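Written out below as structure tokens is the structure these notes cover.
The values are calculated or read from the model by the stated rules, or taken from the named source; none is laboratory data. Everything quoted here is computed from the prediction, not taken from an experiment. All Cβ positions, even for glycine, are placed from backbone atoms using ideal geometry, and neighbour counts span all protein chains on display.
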Amino acid sequence: MTQTTKVSLRGLYKIFGNDDKSVLPHVKAGMGKEELLTTHKHVLGLRDINVEMQSGEITVVMGLSGSGKSTLIRHLNRLIEPTDGEILVDGVDVMNLSTTDLRQMRQNKMSMVFQKFALLPHRTVLQNAAMALDIKGLPTEEQEQEAKNWLARVGLGGFENHYPAQLSGGMQQRVGIARALTSNSDIMLMDEAFSALDPLIRTDMQDLLLELQVELKKTIIFITHDLDEALKLADHLVILKDGAVVQQGEPQGILMNPTDPYIEDFVSDINRARVLRVRSVMQPLSEGQFAGDVQANDNLESLIAASGGDTAPALPGLGWQQQTRRHPRYARFGQSSGAARLQLGSRHPLSLKRPPAPQAPAR
Ligand SMILES: Nc1ncnc2c1ncn2[C@@H]1O[C@H](COP(=O)(O)OP(=O)(O)OP(=O)(O)O)[C@@H](O)[C@H]1O
Ligand SMILES: [Mg+2]
């Protein structure tokens, strides 16, 4: 599938303070956040951000508190004006939009899901979900039909006439997601959308988002400070530190090749088998017996479990290669996933090879 860039940030700088443009040259010359604050009383928000966000993908921006995540996402709909740089949405520089065009873009192209849900307490679940269509002036019946459909999709069928206070946090955030989906925008901005939820509910919401995304293929920009969440959701992961991008790419690539001690530190405790996908390690195999099919997108943990059952959770100290070597079994990829086969086990240990380019199907 060819990728289309939906949002580009190019050479984006943000400095907070009265005279941001005048101190910009210092920042461009390399002045750090602390020095800028002490000598010029300005706060460095973002430094030379270059990120391409692809259509239909989840771009996750991750970093510690104060690293600039919210500042970055707020530039996309110009809630914050950059000090320097370009913000392109569908190829159009949002800095050149008139007030009317900007309002149109915010209404039609982008929706937001907030950490604190931001539902209107005196409106019903249905009215909350329909809000964007209400603002657009659609007839009530049409609004409500659309909102009802999306509420059902997020598992809230039957709750239309409840009020937000009658729902749990997880359910309220489902309303937040239904509201964003009802607006029918291509781009969803989610700033710490699941951070206020209990861990189990949070996992549910991540699963829901991934499940919806398989079909909807929205362009999602998801902000989090949680590495597990970032690795689970991201097609493209951008790691911020002190307002600058330290590394970006496919999560698996970052995990396998951290380019910075800061990232190495971050990923050191991660269970790689949970993040690495079969497609990153598969290689062609022409003969042998096969225990069953696996999906190229399955993670190694599920593959290891399928290959022997007793390895992955039981031997947490072992790398996945060692674990799989104990279980000489075979697995095979379905034809649909590129017709490569994967052999597990000691005769042909897994290696970290890129998958072969998919072949055209035989006629
Ligand atoms: N309006 C503002 N005026 C001055 N400084 C600001 C302003 N907004 C943000 N900052 C500063 O910019 C930096 C980045 O803030 P930002 O809110 O983007 O971080 P964040 O990564 O979203 O953090 P968190 O995880 O806590 O939400 C911080 O140093 C913050 O203090
Ligand atoms: Mg923030």
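Considered as a group, the residues in the stretch 168-190 that are part of a helix (DSSP H, G or I) and of a type in the set (Val, Ile, Thr) include one that is nearest to ligand 1 (Cβ to nearest atom), and that residue is Ile177. In this structure, does Gln173 turn out to be touching a helix residue (DSSP H, G or I) at 6+ places or on another chain (Cβ under 9 Å) and within 30 Å of Glu301 (Cα to Cα)? Spelling it out, Gln173 is indeed touching a helix residue (DSSP H, G or I) at 6+ places or on another chain (Cβ under 9 Å) and within 30 Å of Glu301 (Cα to Cα).
Only residues that are at pLDDT below 95 and of a type in the set (S, T, N, Q) were counted across the stretch 106-144, and they come to 6.
Quick grid of which residues meet (1) within 15 Å of ligand 1 (Cβ to nearest atom); (2) over 30 Å from Pro251 (Cα atoms); (3) of a type outside the set (S, T, N, Q):
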| residue | (1), (2), (3) |
| --- | --- |
| Lys6 | no, no, yes |
| Leu9 | yes, no, yes |
| Ser22 | no, yes, no |
| Thr39 | no, yes, no |
| Ile49 | yes, no, yes |
| Gly63 | yes, no, yes |
| Gly66 | yes, no, yes |
| Glu81 | yes, no, yes |
| Leu102 | no, yes, yes |
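Has the stretch 48-57 got any residue that is exposed (fewer than 15 other Cβ atoms within 10 Å of the Cβ), farther than 22 Å from Ile239 by Cα, more than 16 Å from ligand 2 (Cβ to nearest atom) and in contact (Cβ under 8 Å) with a residue 12 or more places away in the chain?
Keep residues of the stretch 48-57 that are exposed (fewer than 15 other Cβ atoms within 10 Å of the Cβ), which gives 50.
Checking which are farther than 22 Å from Ile239 by Cα leaves us with none.
So far as the stretch 48-57 goes, no, none of its residues is exposed (fewer than 15 other Cβ atoms within 10 Å of the Cβ), farther than 22 Å from Ile239 by Cα, more than 16 Å from ligand 2 (Cβ to nearest atom) and in contact (Cβ under 8 Å) with a residue 12 or more places away in the chain.
What pairs can you find where one residue is in the stretch 180-201 and within 23 Å of Asp228 (Cα to Cα) and polar (S, T, N, Q), the other is in a loop (DSSP other than H, G, I, E, B) and within 12 Å of ligand 2 (Cβ to nearest atom), and their Cβ atoms are less than 9 Å apart, with a gap of 6+ or different chains? These pairs meet every condition: Ser195/Gln115; Ser195/His225.
Identify, from the list Leu102, Leu37, Leu12, Leu79, the residue that is free of Cβ contacts under 8 Å to residues at least 12 places away in the same chain and more than 16 Å from ligand 2 (Cβ to nearest atom).
Leu37
A Cβ distance below 9 Å, combined with a sequence gap of six or more or placement on separate chains, defines the contacts here; from the stretch 17-34, residues that are under 14 Å from Pro82 (Cα atoms) reach residues that are more than 13 Å from ligand 1 (Cβ to nearest atom) and assigned to a loop (DSSP other than H, G, I, E, B) in the pairs Val23/Met31. In the stretch 196-214 there is no residue that is at pLDDT below 95, at positive phi and within 16 Å of ligand 2 (Cβ to nearest atom). Taken as a whole, the stretch 53-74 holds at least one residue that is closer than 14 Å to Ile187 by Cβ, part of a helix (DSSP H, G or I) and of a type in the set (D, E, K, R).
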